[in-house]
Amino acid sequence: MPTVSDTLGRPLRDLRISVTDRCNFRCTYCMPKEVFGRDFHFLPARDLLSFEEIIRLARLFITLGVEKIRITGGEPLVRRDVETLVAMIATLPGLHDLTLTTNGSLLWRKAQALRAAGLQRISVSLDSLDDAVFKAMNDVDFPVALVLDGIEQARAAGLHPIKINVVVKRGMNEHTLVDMARHFRGTGHILRFIEYMDVGTTNGWRLADVVPAAEIIATINAAFALEPLEPNYPGEVARRYRYADGAGEIGVIASVTQPFCGDCTRARLSSDGQLYTCLFATAGHDLRALVRSTAADDDILEGLERIWRRREDRYSQLRTALTPDLSKVEMSRIGG
Ligand code: SF4
């Protein structure tokens, strides 16, 4: 498969496709209720890319070297018939890996259908096992038990591996990390701790609220000895560790304290067809206008190639005291 590289020599390998800007949670670090309240105007259906438009773009991205697609949101399982889209993507020639990130709230209902549609694996966000802490972080009073049930349904449906994403915010859940490790050790599920990030402009991010990856690993290691592991592939986001006693693997995603822009191969497509070349981008490229025009595939392909070749994003490496104020796209628009 031909590849296209950006100005830092990074090939285009991963595409994250957001299928909705809506979510049934209001996680304080992503979609604070004060901003995304009852009066918030989410994208109207006509502005969303149709499944056919998403497939056309996905096929073109694969032509440019994309091997892995991650379906995201908002919460992707609130998009109607999302399993139909999964089935359409799963059969695209040249795609090696298809996964999805969810808050797990609807997995009890969707796991079997997603697996039958061709989804191989899944990532589920669960920030704590402590019900009060979790409810405070999702801010919609959603109980831990229902997400755990969803994870069990996903396991029973044959989705594997299952990764459990935990955003760690100081003063919120850092005291419950060892409980998470204790609960998921030996299950085969992979816990991934994520440093709290200054995504978008609405979560009130402060560096003081970040629990550095080194501290997270030290906390777990004090309870359960860890050993570092090699990355599965170049550009893998998480730093991997295994339990010395063989009880499984964990990861840590350290965008703030150990940036990994040097081999970032990710592009992001929003549900209304904007292409973003970085999680912290301030502007996107309008692909929806292209797919709704008379442009031929070759013209769109040329445009995509031109965008990626000119890419120079490395926000996390350049993050300073000033950058958090940039008018960055909201994570709920493009997925994590
Ligand atoms: S900050 Fe941007 S360039 Fe750096 S790793 Fe994240 S998405 Fe990639």
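Could you tell me whether any residue of segment 301-320 is in contact with a strand residue (DSSP E or B) (Cβ under 6 Å, 6 or more places away or on another chain) and modelled with pLDDT under 95?
Restricting attention to segment 301-320, the residues satisfying the condition of being in contact with a strand residue (DSSP E or B) (Cβ under 6 Å, 6 or more places away or on another chain) are 307.
Of the ones still in play, those that are also modelled with pLDDT under 95 are none.
Looking through segment 301-320, none of the residues is in contact with a strand residue (DSSP E or B) (Cβ under 6 Å, 6 or more places away or on another chain) and modelled with pLDDT under 95.
Can you say whether R26 is buried (at least 19 other Cβ atoms within 10 Å of the Cβ) and part of a strand (DSSP E or B), as far as the supplied structure shows? No.
The helices (runs of 4 or more DSSP H) falling completely within segment 34-123 that include 1 or more residues that are among the β-branched types (V, I, T) and buried (at least 16 other Cβ atoms within 10 Å of the Cβ) map to 51-63, 82-90. Only residues that are modelled with pLDDT of 95 or more, out of contact with any helix residue (DSSP H, G or I) (no Cβ under 8 Å at 6 or more places or on another chain) and not acidic (D, E) were counted in segment 207-221, giving 8. Within segment 179-193, the set of residues being open to solvent by less than 30 Å² (accessible area, probe 1.4 Å) and either of a type in the set (G, A, S) or in contact with a Phe, Trp or Tyr (Cβ under 9 Å, 6 or more places away or on another chain) (or both) comprises M180, A181, I190, L191. Would you check which residues across segment 257-292 are more than 14 Å from the ligand (Cβ to nearest atom) and among the basic types (K, R) and list them? R288, R292 - these are the residues of segment 257-292 that are more than 14 Å from the ligand (Cβ to nearest atom) and among the basic types (K, R). Taking residues in segment 253-264 that are over 20 Å from P11 (Cα atoms), and partners anywhere that are near the ligand (Cβ under 8 Å from one of its atoms) and not acidic (D, E), the pairs with Cβ atoms closer than 6 Å and at least 6 places apart or on different chains are I253/V237.
Taken over segment 202-232, the criterion of being of a type outside the set (A, V, I, L, M, F, W, C) and touching a Leu at 6+ places or on another chain (Cβ under 8 Å) is satisfied by T219 alone. The single residue among R309, R333 that is closer than 21 Å to D47 by Cα and open to solvent by 60 Å² or more (accessible area, probe 1.4 Å) turns out to be R333. May I ask you to verify whether G246 is more than 19 Å from T201 (Cα to Cα), more than 8 Å from the ligand (Cβ to nearest atom), surrounded by 21 or more Cβ atoms within 10 Å (Cβ to Cβ) and more than 16 Å from the chain's Cα centre (by Cα)? So G246 fails the test.
Which members of segment 293-311 meet the condition of being more than 21 Å from the chain's Cα centre (by Cα) and within 16 Å of the ligand (Cβ to nearest atom)? Give the steps one after another, and end with the answer.
In the first step, residues of segment 293-311 are kept if they are more than 21 Å from the chain's Cα centre (by Cα); the result is 293-307, 309-310.
Scanning segment 293-311 gives I307, R309, R310.
Is there any pair with a first residue in segment 304-316 that is within 22 Å of G336 (Cβ to Cβ) and a second that is polar (S, T, N, Q) and open to solvent by 10 Å² or more (accessible area, probe 1.4 Å) whose Cβ atoms are under 6 Å apart and which are 6 or more apart or on different chains, and what are they? The qualifying pairs are R311/T277; E312/T7; D313/T277. Of a type outside the set (S, T, Y) and touching a strand residue (DSSP E or B) at 6+ places or on another chain (Cβ under 6 Å), is that true of G104? Yes.
The values are calculated or read from the model by the stated rules, or taken from the named source; none is laboratory data. Predicted model, so just to flag it, every value in this text is computed and none were measured. In this analysis, Cβ positions are derived from the backbone assuming ideal geometry, glycine residues included, and neighbour counts consider all displayed protein chains. Side chains are part of the model used for accessible areas, which takes the heavy atoms of the whole protein and leaves out ligands, DNA and RNA. Shrake-Rupley method; radii C 1.70, N 1.55, O 1.52, S 1.80 Å.
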